[in-house]
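Novice: Before I ask anything, let me first share the structure, which is written out below as structure tokens.
Here, each number is a calculation from the coordinates, and none is a lab measurement. Because the structure is predicted, anything quoted here is derived from the model rather than measured. Counting neighbours? That spans all protein chains shown, and the Cβs are built from the backbone with ideal geometry, glycine included.
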Amino acid sequence: MSIQFHSGNIALIIVIVALMIFAYTEDAAGRHADNYYFLLALALAAKAVVGLVMNGDFTSAAVRISVFAALMILLFVTAENGLSLGMLMEGIPGFVILIAGLVGWKKPLIGAIFFAVLAVGTSMMFGVLGGFTASRVYMSLLLSIPLLVVGFCFYKGWRGETGEEVAVE
């Protein structure tokens, strides 16, 4: 098991370094490297989300993922606008996700419902349901799926708290 764990981490590091090199060479040649940046973000997000979920503490994983996602949204909005009224307005989704994640810590069922509805809503608004384009697929993978995972984790955490048996496979 230890060998599999370490080999998987080493393979991920090699892929990430290769993506960074490919992105740099594309940028240096004057071409867009957006696909490489997307793959880099996807690999890092998948590693973080899967690692948290596999621990088996679903409520904690959901809170950590939602708080991290909210902080990333707020960081990007702040970097774009600085500390201003525009930052507060554009940061509302980040604040809502942050509050919902913290509410889900105490009330996992409410968190599960909120994040499931949010995942469906973002999928409809930004995802593949709005048309099958590359940017919509990217938005669906990087936005809707993590929100759905958070909802699922809150649900599993709620089931564990209400006495139903939760099997970690």
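Novice: For segment 1-77, calculate the relative contact order in percent as a whole number, restricting contacts to Cα pairs under 8 Å that are 6 or more residues apart.
Specialist: Result for segment 1-77 is 19 percent.
Novice: Further, regarding this structure: Which of rounded, prolate, oblate describes segment 74-153, given a ≥ b ≥ c as roots of the alpha-carbon gyration tensor eigenvalues and a/c under 1.5 marking rounded, otherwise prolate only if a/b is larger than b/c?
Specialist: oblate
Novice: Now, a different point. Tell me whether the chain comes out rounded, prolate or oblate; compute the Cα gyration tensor, take square roots of the eigenvalues as a ≥ b ≥ c, and use a/c under 1.5 as the rounded threshold.
Specialist: oblate
Novice: Calculate the FRET efficiency for Met87 and Tyr37 from the Cβ-Cβ distance with a Förster distance of 22 Å, rounded to the nearest 0.05.
Specialist: Details: r = 23 Å, r/R0 = 1.05.
The computed FRET efficiency comes out at 0.45.
Novice: Mean Kyte-Doolittle of at least 1.0 and a Cα length of 30 Å or more along the axis: which whole DSSP H helices of the chain meet both?
Specialist: Counting only whole DSSP H runs, the qualifying helices are 2-28, 58-81.
Novice: A further question on this structure: Can you show me the helix-derived [θ] at 222 nm for the chain, built from DSSP H runs with n ≥ 4 at -39,500 (n - 2.57) apiece and divided by the number of residues, rounded to the nearest 500.
Specialist: -26500 deg cm²/dmol
Novice: Could you work out how far apart the two model spin labels at Val137 and Phe5 are, taking each label as a point 7 Å from the Cα in the direction of the beta carbon, and quote it in nm?
Specialist: 3.5 nm
Novice: Counting only C-alpha contacts under 8 Å and six or more residues apart, can you give the relative contact order of the chain as a whole percent?
Specialist: 22 percent
Novice: Roughly how far apart, in whole Å, are the Cα centres of segment 130-156 and segment 1-74?
Specialist: Cα centroid of segment 130-156 versus Cα centroid of segment 1-74: 15 Å apart.
Novice: Then there's this: Spin-label point model (7 Å from Cα, Cβ direction): what's the Asn55 to Leu102 distance in nm?
Specialist: Going from the Asn55 label point to the Leu102 one covers 1.9 nm.
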